[in-house]
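Colleague: I have a structure I would like to understand better, so I am pasting it below and will then ask my questions one at a time.
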Amino acid sequence: MTITASDKTQARADWDAAASGWSSHAPEIRAWLGVATEAMLQMAEIGSGQHVLDVAAGAGDQTLDIARRIGRSGLVVATDISPSMLDLARRNAASGGISNVRTHVADAENLMLESSSFDAVVCRLGLMFLPDPLAGLREINRVLKPGGHLCSMVFAGPEANPCIRILISTALRHAGLPPRDPFQPGGLLSLGRPGAMDAHFLKAGFINVATTRLDAPFHLRRTSDYLDFVRNAASPVAQILAPLDAPSSRAAWADIESQLDAFQTEGGWTGPNALLLTAGQNPLPPSNAAGAAIPKDRS
């Protein structure tokens, strides 16, 4: 699949359009991903005084968690393809009195940052959207210091994420489009195949690679609350349904809602969800017997 400059421009526009909706649902997102985010920061071994890169940071909820963890002597740089998302991250940091956050508009496959400049990197629910996630991981490896750690979070496969499977398959059917391979590049579940993340990390040059699966159910009051979140913040679904006229769009959403009602109980709506957290380390350079680093062959 060839990705053009216009594809990247469209992706930027789609996420810019979703920014306000993402921000309006920040409390629900934080409740949903809070435990997994804390695990991600621990697996990246983020600590006081570090310089940390947050790739595909979005509105920066986890960016602020990093900023608090590293303290005033540290710095976190939030990158995203969407300027509107990063504007939210800046405003959220300012309103929280947090001064050790910087933002940088960049494609994750071309970060435009200095090599070996960060102690740790995280990427929360971003890698799966990359047309070439291996290129993104190699770019992250480039900006990590030797010995630095990366931890990424992506969705597990379709069997573990029935709500996403219902959303995508039903939207495609109503849009008159054929079913998609859930593991095709750029999709919500594209990196959920067992072993895929470990293989990508290893190919990108990371060592000590390990993946942990974590259940993260989405708890809300009603099915309609989840659909409100999806309509406002889930750009991939909106993209599929965008060409439909109003009656067809309403029919698609009604069909989706009727299927998702299966997860409604007397105590509220609970959508099953599973995440994969993968951690890896940028290798230290080999050393000779005297302890000095062996220079790289530049021939």
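Colleague: From the helices alone, meaning DSSP H stretches of at least four residues, give me the mean residue ellipticity at 222 nm for the chain, per-run term -39500 (n - 2.57), in deg cm²/dmol to the nearest 500.
Modeller: It lands at -13500 deg cm²/dmol.
Colleague: Here is a further query. Just in the range 108-194: which GluC sites (Glu not before Pro) are loop by DSSP and have at most 12 other Cβ atoms within 10 Å?
Modeller: 114
Colleague: Put 117, 82 in order of accessible area, largest first, 1.4 Å probe: what do you get?
Modeller: Per-residue accessible area, sorted high to low, gives 117, 82.
Colleague: Same structure, new question: Taking a probe of 1.4 Å, how large is the accessible area per residue of the chain, in Å²?
Modeller: Result: 47 Å² of accessible area for each residue.
Colleague: Right, here's the next one. Just the number, please: Stokes-Einstein D of the range 131-236 in µm²/s, Kirkwood Rh from C-alpha pairs, 25 °C, 0.890 mPa s.
Modeller: 155
Colleague: Taking the chain as the reference, fit the longest principal axis to its C-alpha atoms, fit the long axis of helix 83-95 to the helix C-alpha atoms, and give the angle between the two in degrees, 0 to 90, nearest 10.
Modeller: Long axis of 83-95 versus the principal axis of the chain: about 80 degrees.
Colleague: Right, next: Which length gain, in nm to one decimal place, applies between residue 210 and residue 132 when the Cα-Cα distance is subtracted from 0.36 nm times their residue separation?
Modeller: Result for the pair: 26.0 nm of gain on full extension.
Colleague: Another question, then. Within the range 126-210, which trypsin sites (Lys or Arg not before Pro) sit in a loop by DSSP and count at most 12 neighbouring Cβ atoms inside 10 Å?
Modeller: none
Colleague: By how many degrees, between 0 and 90 and to the nearest 10, does the Cα long axis of helix 133-143 differ from the longest principal axis of the chain?
Modeller: Orientation of helix 133-143: about 30 degrees from the principal axis.
Colleague: Given a 1.4 Å probe and every protein chain left where it sits, what share in percent of the accessible area of the range 168-299 is carbon and sulfur?
Modeller: Roughly 56 percent, rounded to a whole number.
Colleague: For the range 65-158, with all protein chains present and a 1.4 Å probe, just round the carbon and sulfur fraction of the accessible area to a whole percent.
Modeller: Answer for the range 65-158 is 48 percent, counting heavy atoms of protein chains only.
Colleague: Here's another thing I want to ask about it. Quick one: how many Å² of residue 85 are accessible to a 1.4 Å probe, rounded to 10?
Modeller: Spelled out: residue 85, probe radius 1.4 Å, area about 10 Å².
Colleague: Would you give the gap between the C-alpha center of the range 25-67 and the C-alpha center of the range 171-227, rounded to a whole Å?
Modeller: Result: 19 Å between the Cα centres.
Colleague: Please go through the range 48-121 and write out the trypsin sites (Lys or Arg not before Pro) that DSSP classes as loop and that have at most 12 other C-beta atoms within 10 Å.
Modeller: Those satisfying the criteria are 72.
The values are calculated or read from the model by the stated rules, or taken from the named source; none is laboratory data. Given the structure is predicted, the values throughout are model-derived calculations rather than measurements. Methodologically, a virtual Cβ is constructed for each residue, glycine included, from the backbone with ideal geometry; neighbour enumeration extends over all protein chains shown. To get the accessible areas, we keep the full protein, side chains included, count just its heavy atoms, and leave off ligands, DNA and RNA. Shrake-Rupley method; radii C 1.70, N 1.55, O 1.52, S 1.80 Å.
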